[in-house]
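Heads up, the thing below is written out as structure tokens.
The values are calculated or read from the model by the stated rules, or taken from the named source; none is laboratory data. The structure displayed is predicted, hence computed values, not measured ones. All Cβ positions, even for glycine, are placed from backbone atoms using ideal geometry, and neighbour counts span all protein chains on display. In case anyone asks, the SASA skips ligands and DNA or RNA and just uses the protein heavy atoms, side chains included. Shrake-Rupley method; radii C 1.70, N 1.55, O 1.52, S 1.80 Å.
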Amino acid sequence: TAICITQGMPPQDSSADPLILMLFDTDDSLMRVHLKPAAGASARIQLLPPGLNFYYITMLRDPVSRYLSEWKHVQRGATWKTALHMCDGRSPTQDELPNCYIGDDWSGVTLTEFMNCPSNLANNRQVRMLADLSLVGCYNLSSMNESQRNHILLSSAMSNLKNMAFYGLTEFQRKTQYMFERTFSLRFIAAFTQINSTRAANVDLSEPVRRRIEELNYLDVQLYEYAKDLFLQRFQFTRQREHQEVRLKRREERRWLKEQKEQGRPWPPKHKGGGNAGGRRGGGSEKGTEGEFPTTTEDYTSQVARW
């Protein structure tokens, strides 16, 4: 899960020059990366100063693909041993959160072994990361029955996701870029690329195994369906609003040009009867209507030779 925070004025204030602070969150361990707003600026690690105004965003991924990706990551030796899993001021006990493996890491774990660990935090990770765990007694599974706990977690995750300043979907890279840029009035220097050939995509899954993964992550499946529906609604609304704004802007431009043409013609319209009656020699001019520039007389051509 990736959380991005912006510092500064609200995004609708075009005068703001917000800094982007991205927190790449792999469970409860945070790595703070400061991105300068200048195009092409390099990222650097930075501690978060106090008293900042934050906007939280996140990225969601298809639950099966995300689960397989984490399995591949753990299989290569990744661990979260330094994660404290703090909740309500304390870390979970060994009984509340048993280890899935013995030793330094879980290198070489098979998918079956990965799925068979009941305390595997890969299960429904996206819901757990977005929900308020204090509502269900943190990692203490005995505080309420499983059905009630799951309902509260899913509702909390949905509510928090809906109220975030922005969220995107890994499976919709270009739409995510479009929505991010219009939410924060920023522009990326390069278009997002949809890469579908991932380690997770290259795993050959049987249908029973896929169903098993979906069962283990059924809260994430529900959250993702909710998130995708809401995301596409927001995208459609934003596109329609943008098209409407473009149409209104063009209409105003045409109106302005028409007014300029009517109020400031350099040449007069032709009148019936061959110009101004009683044209006077000597280059005189007659006054136009109020707000118009004076129009030249029919004697203009004869005056040119004299000048």
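At a glance:
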{"item": "Subset tally (residues that are touching a helix residue (DSSP H, G or I) at 6+ places or on another chain (Cβ under 7 Å) and either in contact (Cβ under 8 Å) with a residue 60 or more places away in the chain or within 17 Å of TYR67 (Cα to Cα) (or both)) for segment 179-197", "result": "1"}
{"item": "Residues located in segment 54-92, provided they are free of Cβ contacts under 8 Å to residues at least 40 places away in the same chain and either in contact with a helix residue (DSSP H, G or I) (Cβ under 9 Å, 6 or more places away or on another chain) or polar (S, T, N, Q) (or both)", "result": "GLN75, ALA78, THR79, SER91"}
{"item": "PRO92 vs. criteria modelled with pLDDT of 95 or more, open to solvent by 50 Å² or more (accessible area, probe 1.4 Å), not in a helix (DSSP H, G or I) and not β-branched (Val, Ile, Thr)", "result": "no"}
{"item": "Cross-chain or 6+ apart pairs with Cβ under 7 Å, segment 216-240 first and within 18 Å of MET129 (Cβ to Cβ), then at pLDDT 95 or above and open to solvent by 80 Å² or more (accessible area, probe 1.4 Å)", "result": "LEU230/LYS162"}
{"item": "In segment 199-223, the residues that are modelled with pLDDT under 95 and open to solvent by 80 Å² or more (accessible area, probe 1.4 Å)", "result": "ARG199, ASN202, ASP204"}
{"item": "Subset of segment 199-257 [of a type in the set (Ser, Thr, Tyr) and under 15 Å from MET115 (Cα atoms)]", "result": "SER206, TYR218"}
{"item": "Selection count, segment 247-275, where residues are modelled with pLDDT of 90 or more and open to solvent by less than 70 Å² (accessible area, probe 1.4 Å)", "result": "0"}
{"item": "Single condition THR183 does not satisfy, out of (1) at pLDDT 95 or above; (2) part of a helix (DSSP H, G or I)", "result": "(1)"}
{"item": "Any hit, segment 135-143, residues being assigned to a helix (DSSP H, G or I), farther than 23 Å from ALA227 by Cβ and among the small types (Gly, Ala, Ser)", "result": "yes"}
{"item": "Boolean, ALA157 is part of a helix (DSSP H, G or I) and aliphatic (A, V, I, L, M)", "result": "yes"}
{"item": "Which numbered condition GLY168 fails, given (1) closer than 18 Å to LEU130 by Cβ; (2) in a helix (DSSP H, G or I)", "result": "(2)"}
{"item": "Residue list for segment 108-158, filter: open to solvent by 60 Å² or more (accessible area, probe 1.4 Å), of a type in the set (S, T, N, Q) and closer than 28 Å to THR170 by Cα", "result": "THR110, THR112, ASN116"}
{"item": "Residue check, SER119 under 24 Å from VAL74 (Cα atoms), in contact with a Pro (Cβ under 6 Å, 6 or more places away or on another chain) and either without any contact (Cβ under 8 Å) to a residue 24 or more places away in the chain or not basic (Lys, Arg) (or both)", "result": "yes"}
